[in-house]
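Notes follow once the structure below has been shown.
Read-outs throughout are calculated quantities, based only on the coordinates presented, and are distinct from any laboratory measurement. Note that this is a predicted model, so its numbers are computed, not measured. Virtual Cβ from ideal backbone geometry, glycine too; neighbours counted across all protein chains shown.
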Amino acid sequence: MTAAPPHVAIANHKGGVGKTAVAQGLTVAAAEAGHRVLAIDMDSQGNLTRRLRAQVSTDPDARQKASLASVLQRPGRGEIERILVPSGYGGIYTDRIQIAPAHLDLELLPRTAAEAASERRLLRALAGVVDDFDLVIIDCPPNLLSHQIDVAWTATDVILMPCEGEYEAVEAARRIKERVSADRHTLNPELAVAGMVVSRYRQSLAVHRKRVGEMEKIVGPDGICPTRIPELVAFKKMSENARPIGECGPEGRQMEFIFKDVYEWTRNRIETVMKDAA
Ligand SMILES: Nc1ncnc2c1ncn2[C@@H]1O[C@H](COP(=O)(O)OP(=O)(O)OP(=O)(O)O)[C@@H](O)[C@H]1O
Ligand SMILES: [Mg+2]
């Protein structure tokens, strides 16, 4: 994948830790940095699809046929192109963000997981198409061993783990790291964990400060993004209203720098980690 843009999968085995918030924030920050982004929604919940305002059909049947689930049934090389839709945010966002929209039927994919090379479906569907982009982001469901995870991890270069400062979230991230070590040789030999982004952080809570110390033991001090995403209403509005953080009131405008910093750190970190993995 050397000539292609970096592919980053956003994953944590724990639900609700802010994976999709980080995927949405990084997609927006990348577009604001002038980059063309392909955002792939591998979660049947379709939250990233909605939060980026993917311009999908309102007709349920048409929507299913033009979704990632339909492409991944038995994809031709580069077939993802036929379902890509722009973000409905408008302006630079619509120009620079393309989305592969999710559908509930993604949950049915495992029914055909026994077919040969089934975990390579996304990789095959992306072939060639990614050359038009500067970044590929894959939002994963909160699973560890599922077929969707195999498909996502086979297609990505690195994994970025948003993590809350709480015991279960940290242990869930640890399991992601352990599975990468255990299974990369079969799924994707160059797969690497880029690091962790501390999400929903409250500096005033001793437990959050303590858990960040444990995150460092999992990915090392350089593997933790120094900018932490605070738990604030503006981030809730970002998902609730499906808008960029900078358009989520005065607090949101103040928080615009957060995803800019996280994006800059992520790009640098991906470069380092990919060099080490090669
Ligand atoms: N920094 C934050 N501050 C406040 N609320 C947040 C923050 N990050 C996420 N949330 C809220 O927490 C909820 C879960 O976030 P999100 O959907 O991004 O998590 P997730 O890990 O993708 O969940 P899932 O595992 O279901 O895919 C959402 O309602 C979102 O608005
Ligand atoms: Mg999510």
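Brief remarks on what is shown
- Cα centroid separation - the range 85-116 against the range 225-275, whole Å: 22
- Förster radius 45 Å - calculated FRET efficiency between Lys65 and Ser181 (Cβ-Cβ, nearest 0.05): 0.70
- Length-normalised contact order of the range 41-196 in % [C-alpha pairs under 8 Å, at least 6 apart]: 24
- Proximal lysines to Lys65, defined as alpha-carbon separation beneath 28 angstrom and excluding residues fewer than eight positions away on the same chain: Lys19
- For the range 27-158, the direction-averaged projected area of the alpha-carbon convex hull comes to 7.5 nm².
- Förster-model FRET efficiency, 41 Å R0, Arg77 and Phe257, C-beta, rounded to 0.05: 0.55
- Mean Kyte hydropathy of -0.5 or more with a Cα span along the axis of at least 15 Å, helices from DSSP in the chain: 19-32, 206-219
- Relative contact order %, the range 7-277, counting alpha carbon pairs below 8 Å whose residues are six or more apart: 25
- The range 168-191-the range 138-158 distance, computed between alpha-carbon centres (Å): 10
- Rounded, prolate or oblate (a/c below 1.5 giving rounded, otherwise prolate when a/b exceeds b/c) for the range 7-277 by Cα gyration tensor: oblate
- Mean residue ellipticity at 222 nm, helices only, the chain: -13000 deg cm²/dmol; runs of at least 4 DSSP H residues each add -39,500 (n - 2.57), and the sum is divided by the number of residues.
- Of the peptides 148-158, 6-16, 82-92, the ranking by mean beta-carbon count within 10 Å, highest at the top, reads 148-158, 6-16, 82-92.
- Taking the Cα centre of the range 7-277 as origin and assigning +1 to Lys and Arg Cβ atoms and -1 to Asp and Glu Cβ atoms, the resulting dipole is close to 340 debye.
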